[in-house]
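The values are calculated or read from the model by the stated rules, or taken from the named source; none is laboratory data. Please read all numbers here as calculations on a predicted model, not as lab measurements. With ideal geometry, Cβ positions are generated from the backbone for all residues, glycine too; neighbour counts draw on all protein chains shown. We work out accessible area using only protein heavy atoms, side chains counted, and drop any ligands, DNA or RNA first. Shrake-Rupley method; radii C 1.70, N 1.55, O 1.52, S 1.80 Å.
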Amino acid sequence: MQSYQPWYHGNITRSKAEDLLSKAARDGSFLIRDSESVQGAYALCVLYQNCVYTYRILPNEDKKLSVQASEGVPIRFFTILSQLVEAYYSPNMGLVTHLQYSIQREEEVDEEPESNNIPPQLPPRNFTGNEVKDSDSKSSEQACRSLSDTYLMRLQHMDLSTIPEEHQMAIQEYFRTSVCLDAEQVQNGNPNLPGLKKLTMSICKTLNSEISHILPALEALHKALDQQLSPGIGQYPKHISADSGQSVTFRLEQLTKLLYSIEDKAKGSVFESVGYDGSHRKSLIPIVTFEVKQESLGISTKMVLKVDVESGKLYFKKSKDGPEDKYYVHNKILQLVKSQKMHSKLVIVVETEKEKISRKEFVFDDTKKREGFCQLLQQMKNKHSEKPEPDMITVFVGTWNMGNANPPHNIQSWFQCKGQGKTRDDTADHIPHDFYVIGTQEDPLGEREWADTVKGVLRHITNISFKQVAIHTLWNIRIMVLVKPEHENRISHVFSDSVKTGIANTLGNKGAVGVSFMFNGTSFGFVNSHLTSGSEKKLRRNQNYTNILRFLNLGDKKLNPFDITNRFTHLFWLGDLNYRVEYPPAEAENIVTKIKQQQYQELLGRDQLNTERKDGKVFLHFDEEEITFAPTYRFERDTREKYAYTKAKATGTKYNLPSWCDRVLRKSYPLVHVVCQAYGCTNDIMTSDHSPVFASFEVGVASQFVSKQDPNSAPQGGIQIMNCRATLRTKSKTKFFIEYHSSCLEKTVKTSEGENTEDSTDGSINVSFGNQIELTPIISDPEYLLDQHILISVKSTDCDESYGEGCVALRAAEFCQTEFHVTLTHHGENTGTLTGNIQLHTSEGKPTEKLYDFIKVERDDPVTSKYKGGDLNKSSVTQAHDISNPSYMGVSFRSGNVIDKGWSYSMPPKNLPIAGQGSKDSKKSGFDVNTHSPTTKPGPIGENEKVSEMFDNPLYGSMGKSHAWGKDQDLPQKDHLTPPDPMFVPSKPADGEPDRPPVPTPRNRSFTCSETKPQPPTSSVTHPSAHKKPVVPSRSEGGAAPNRPRLPAKSRPGVPEVHVPKSRDYRDNSELPSKLRPPARPGPSQPLKDTHPEVPKMGRSVK
C-alpha cells in the first residue's frame, strides 16, 4: 500500500529527495524513497538543521521492515511501511529527530497520447498482478472500461472487409466484455487470459487440421535435405492430430522453425554444390585510382595513385592508362600525414629500398578524396596486418523513424553514408564497417523481416554476410547489431534490455532499447531511444532520458554503483530524441527559408537538445559531431523538398516546426581513440516523415591480453592513488568512502572514511581521503595496463549509496606521478569533483604502435627541403598527431565558455626514460599526448629534424579549442597544468629541474565540416604578469639576411640545424620567433597571425 502514501516517493533520485526536503526547510520533514543500493529496500530521509539524514529500511527473511538507526536502540520490526512511519513519529526512536512533517509526493503529468486521425498501432498494456492488486475495485473497473473502449475505437478505424463476419463478431465481443473478464482473472492470480485463448481457438479452429495436413509433407522434405539425419532437428512426430492438446501457437512455432530449417538446409546444399560460401564471403574492395598533383621545385606534375587493397600495394603512375612507375607494399608505407593548412594535401611517408625514409607530397582534388584515400590505405594496413587481434575498428550507427511505413526497395545510401552533412567519398563505398548498429522507431516490420532486409543490403554493398549479434524490440522501437563474421568469436557478454517511458511509464510506444557486449577487451554500449514528442514537452524528454539512464540494465552487473554512462569504454546513444527547434509557430516560413539557404547555425542555437546539454540537464559529457545537414523532421512523405510543419487537429492547427529530432551522440572513457568519420542524413529515402541519419566512427579497441612475460619472474605492477579530495554537492549528513573498480583489478578496493569539512560558500561538503591506496593489477605489462581505466565511486557509509562517479585513465600516469581532476556525476547530474594523484608502476616493456597512429595531422612547414637527400634516414617520421575525439581528454575548464568535460590531469616534472631510442620502430611513431593516439612514444629527434606544429584535421573542424605541444628530450623548461583552473602557458623553469615528457593537453569538441569557420574564443585570457611575454617577430626579422631565400639543406651538409631552448607561445604567432632561428639559416618572413589567434596555445622549443 506504500504506493498510495503521500510520503512515499518511489524511485526518485537521492538529489531530488534532498531538493524536496530543502524546500520544506522544517526540522522533522521526511520522505521515503526506494534505496539505490539494495533492491527491495527503502531510504528514510529526514531533515534536521538544514542537513538531510538518511536511514536504510531493510526487509528481513520474513519481509518485515526495520530501520537502521542509532546503536543501542532496540530494533523494531513492522509489517508495512505505514506502521513504521507511524511508530517513528514518536521521539527517542534512534533518529536524529522524530518524524513530524511528511513531504507530499509530486504528481507527474502523464504524457498525453498523440491524437492522430488513426490511433497508433500499439499492443495492449500488460496488466501485471501487482498493478491490479494495488488498485481498488473502482479504479480497476475504470481501467478495464477504458481499455475496452480504446480497442473498440481502434476497430472502427480498421478495414475489416476481408475478415469473415463471424470473426468480426467474435473480436468485437471479446473487446466489449471478455477483455475485462481477463483483467479480473489476472487480478485473481490467473495470468492465462482464458477469454483471449477462447477467441484464438475460435478464429483458428480450421488451422489445426491444416497443420496436421501439411506437416508430414514438410517433415519428409526436411529429412531429405538433412544429410546427417541428426537426432535433434527433424525428429518430429509422424503425425500430430488436431486434438493432441498442444496450443496453436506451439504448433505454429514448430511449423515456422521447420520452414526456416528447410530454407537454410536448401541454401547450404546449393551453395556447397557450386563451391560458394554464402555465409562467410570475403569483401572484395575494387582497385581505386586517384588523380593528384605532385609539386617538385615549384613545378606541378599530374600523377595517378592506384590503391589495391586486396594485394596490399600502392602504385604511382604518371598517367591513368600508363604503366606503373613504382609501387610500395603495405609494410613499406609508414605514415600518412594530413596537412591542416591545405585541406587536400597529403604527405605519404614510405621506406625506400635502402631503408631510407622518403616523404612524398600530393594534392588531391578535394578533402573528401583525400579522406577516401586515407581510409583505403588504413583498410589495406588493417587487412594485411600481422597482428593477431585488431586494435582499431569502424562502427556504423544509424537511426531512422520509419513512420510505420515499409522501407523503400533501395536504402543503400543510408549504409554508405550518402546524402547531406559530413559524408563519405565514393571511393570508400566498398569499405565495410566492422559493426553496423541500426536503431529504428515506429518500425512496422517483424524482427526477422527487418534483419533479412538489412543483411541483404549490406551483402550487396560489401559482399559480406554479416552476423547478428543481438536484436531487441520494445513495441515499435528496435535495435539491431550486426558484425563481420571474422569478429564473431571476439564478442562476448552480450546483454539487451528495454525501458518504457510512455504514458505513466508503462506504455512502450516511447522508451529505449539497448545492447551491450565486450569486443575482446573493450566494452561497448548502444542505446536507441524514442522520447516524448511535442515541442512543449522538453522537460518530459529530459525525464525520459534520466529514467532510461537509471533503469536500462546493461553491461557488467558488478558495476552496480555506475549508470550506463560510466559502464562502457564507448557508449553510443541514438534515436528519435524529439528535441525541437524552439521558435514560435509564426516563424515557420522563416525557418524553411533559412534551411533552403543552409543557414543552420542560427537554428541550431535554438535547438532544445543543444541548450539542455549546455545547461547540463541531459547528456552530460556526451559529444555530438557538428550538424551540417538539414533538419530531418517533418517532411511530406515521398519528397524531401517540402516540410509539412502543420497538422489539422480537432482542437486546432498543430505545428511541428522543422527540427533535428534524429541524433547520434557518444561518450567514451578518457584517453581512448575515437574519431567521427561521417554524420549526416540521406536525401533519397522518403517513405517516412523522418530522414534516416547515419554516423560512422573509427574506434580504438584493446585485445584480450596475454602477457609474454613469465608471471613468476615479472615484477609486480602497482597503482598508487593518493591525496584524494572530493567536493560533493549534497546536504546529506554522513561519512564517505571511495570504491575503486576496474577489470585490471582482482576485486573492488575500498578506502577508509574520509574527513568532512563543510564549505560555507555553496553548502557543499569537502571530504579529504588522506591515506594512500595501493591497487595491485592482475597483469603488470604496460601493453595491457596503459589501456585500462579506474572507475571511482564516492559512497556514503550510512546507506552505501553512490554520491558521484568518475573515471581515470592509467595512460595519464604513463611516465610519472600525475594529478587528476575528475568531475563526479550521478544519474546524469553533476554532483561534485574529485582530485588526487596517481602513479603507475609497470614491468619492463614497450607498447606496440597502434593502427590508428598510421594517420597523423600536421600544419605545413615551409622548411621541407631538409627531408631531401641523404638526411632522411637520420630523422624520424614527421612529428604530427592523429585526429581524435578531444572530449575524452576532458580537461575541466573553470573559465570562459568552455564546457566542463569531466576529466583532467596535470603532470609534475619527473625523469623521463627515452623509449625506443635507436630502434627502427622509433622512426615510425610520433608522440603528442594532445591526441587520442595515446600509444605513440617519444623517440630520438634527428639532428636535421624540425618538430612540426600540430593542428586538427580541417575536415573535422578548427582547432579553436585545442592546444599542442612540441617536444624535446633535453628540454630544461617545465609546463604546469594546475587544476581546477588550467591556464596552459609556459612557465619559467627552476634551476636544475630534471627533464620531463610532453604534457597531455585539453581538446574540446573538434567539429567537422569541409569548410572550417573560425571558432569563437573558448578559454580565458592568461595573466601577462605571471609569464614572460613571447617574442613576436616582425616581417623584417628573418635572420642575418632577411630578403635572401633559404638555402637547401644539402648545400650546407656540415651545418646542423640548431634551436635554442626557449619557451614558446603560439597565441600570437604560429611559427618560431625569428630570434630563435640561427643566423646561418635566413629565410622569408613568417606570418604573424595564427589560424586561431584568440586561443592560447603553447609548446616546447626544440633543438
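Of all residue pairs spaced 6 or more apart or on separate chains, those with beta-carbon atoms under 6 Å, a first member in the stretch 96-110 that is over 20 Å from Q68 (Cα atoms) and modelled with pLDDT of 90 or more and a second member that is open to solvent by 100 Å² or more (accessible area, probe 1.4 Å) and part of a loop (DSSP other than H, G, I, E, B) are Y101/R26.
Counting only residues that are closer than 21 Å to L620 by Cα, open to solvent by 10 Å² or more (accessible area, probe 1.4 Å), polar (S, T, N, Q) and assigned to a helix (DSSP H, G or I), the stretch 534-592 holds 4 of them. In this structure, does D787 turn out to be open to solvent by 20 Å² or more (accessible area, probe 1.4 Å), out of contact with any Lys or Arg (no Cβ under 7 Å at 6 or more places or on another chain), under 28 Å from Q335 (Cβ atoms) and at pLDDT 90 or above? Taking the combined requirement at face value, the residue satisfies it.
Figure legend. Inter-residue proximity from the stretch 41-69: first residues closer than 15 Å to Y8 by Cα and modelled with pLDDT under 90, second residues open to solvent by less than 60 Å² (accessible area, probe 1.4 Å) and assigned to a loop (DSSP other than H, G, I, E, B), beta-carbon distance below 6 Å, spacing 6+ or different chains. No pairs are indicated. Taking the stretch 457-516 as the range and being among the small types (G, A, S) and farther than 25 Å from C417 by Cβ as the test, the residues that pass are S492, S496, S498, G502, A504, G508, G511. Mind checking whether some residue in the stretch 245-262 is open to solvent by less than 80 Å² (accessible area, probe 1.4 Å), closer than 30 Å to E486 by Cα, among the charged types (D, E, K, R) and modelled with pLDDT under 75? No, the stretch 245-262 has no match at all.
Among residues that are among the acidic types (D, E) and at pLDDT 80 or above, D159 is included.
Taken together, the residues in the stretch 431-465 that are out of contact with any Ser or Thr (no Cβ under 8 Å at 6 or more places or on another chain), open to solvent by 10 Å² or more (accessible area, probe 1.4 Å) and within 24 Å of H493 (Cβ to Cβ) amount to 0. In the stretch 408-467, the qualifying residues are those that are assigned to a strand (DSSP E or B) and not polar (S, T, N, Q), and the one that is nearest to the chain's Cα centre (by Cα) is V437. When T367 is tested against (1) at pLDDT 90 or above; (2) touching a strand residue (DSSP E or B) at 6+ places or on another chain (Cβ under 8 Å); (3) not basic (K, R), only condition (2) is not met.
Output the number of residues of the stretch 474-513 satisfying the condition of being open to solvent by 40 Å² or more (accessible area, probe 1.4 Å) and within 18 Å of G403 (Cβ to Cβ). Here the count works out to 1. Number of residues in the stretch 443-459 that are in contact (Cβ under 8 Å) with a residue 12 or more places away in the chain and under 18 Å from K484 (Cβ atoms) equals 6. Taking the stretch 6-35 as the range and being open to solvent by less than 30 Å² (accessible area, probe 1.4 Å), assigned to a loop (DSSP other than H, G, I, E, B) and touching a helix residue (DSSP H, G or I) at 6+ places or on another chain (Cβ under 8 Å) as the test, the residues that pass are W7, H9, G10, T13. Counting the residues of the stretch 411-421 that are under 22 Å from N382 (Cβ atoms) and open to solvent by 10 Å² or more (accessible area, probe 1.4 Å) gives 1.
Residues of the stretch 756-784 that are modelled with pLDDT of 95 or more, surrounded by fewer than 21 Cβ atoms within 10 Å (Cβ to Cβ) and under 28 Å from A41 (Cα atoms): none at all. Among the numbered conditions (1) of a type outside the set (D, E); (2) open to solvent by less than 60 Å² (accessible area, probe 1.4 Å); (3) at pLDDT 85 or above, the only one that P164 does not meet is (2).
Entry remark, the stretch 645-670: residues being at pLDDT 95 or above and not hydroxyl-bearing (S, T, Y) number 11 in total. Residue count for the stretch 791-806 satisfying the condition of being surrounded by fewer than 24 Cβ atoms within 10 Å (Cβ to Cβ) and either part of a helix (DSSP H, G or I) or under 22 Å from the mean Cα position of the chain (by Cα) (or both): 1.
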